[in-house]
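Report on the following structure.
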Amino acid sequence: MTRLRLPHPRLALGILATLGLAAALLWAAWITRAVTENPPPRIVTVRLAETIGKFVDEAARADAEPQAVQAASLAYLKAAEASVAEMGRDGRVVLVAEAVLAGAAEDATPELERRIAAKLQQEPRR
C-alpha cells in the first residue's frame, strides 16, 4: 500500500482546522438564531359587546331579584376579563372585534364563550 504524501502536511492540517472552525461557527450562529427567534404573535378578535349583550338580554328576561342579577353580572364580567387575559398569555394578541377597522383576524369568540362558561361553572353557588 502506498501512502498519500502531501507536500505540506502542516498546511493541510491548518486548512482542515480552519474549515472545521468555520463550520462550527456557522452552525452555532444558526442554532442561536433558531433558538432566540420569536415567532410573530397570533392576532385574534373577540366580539365582546355581542357576548356581553347576550348575557344582559338573558339576565333581563330572567325572573330574578335585582341583587341576584347584579351578582351574576359581576361574576360574568370577572369571568370575561379573566378569560380574555388567559387567551392573551399564550402568545396571542386579543383585540375587540368592534374596534378593528380593517384587516382580517381569526375570530376567537366561541373560545371566549366556552372559557367564560367554564369559569362560571367553577364558581361556587351562593
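The values are calculated or read from the model by the stated rules, or taken from the named source; none is laboratory data. Here the structure is a predicted model, which means the values were calculated and not measured. A quick note on method: Cβ atoms are made from the backbone with ideal geometry, for glycine too, and the neighbour counts reach across all protein chains shown.
Quick notes on this structure:
- T45 satisfies every condition listed in (1) within 30 Å of K119 (Cβ to Cβ); (2) assigned to a helix (DSSP H, G or I) except (2).
- Matching residues, region 58-82, being in contact with an Asp or Glu (Cβ under 7 Å, 6 or more places away or on another chain) and either part of a strand (DSSP E or B) or crowded, with 16+ Cβ neighbours inside 10 Å (or both): none
- Among the residues making up region 90-103, those that are modelled with pLDDT of 85 or more and loosely packed, with under 14 Cβ neighbours inside 10 Å are V93, V96.
- The single condition among (1) surrounded by 13 or more Cβ atoms within 10 Å (Cβ to Cβ); (2) under 21 Å from the mean Cα position of the chain (by Cα); (3) assigned to a helix (DSSP H, G or I) that A85 does not satisfy is (1).
- Region 19-51: number of residues that are over 15 Å from G88 (Cβ atoms) and surrounded by 10 or more Cβ atoms within 10 Å (Cβ to Cβ): 18
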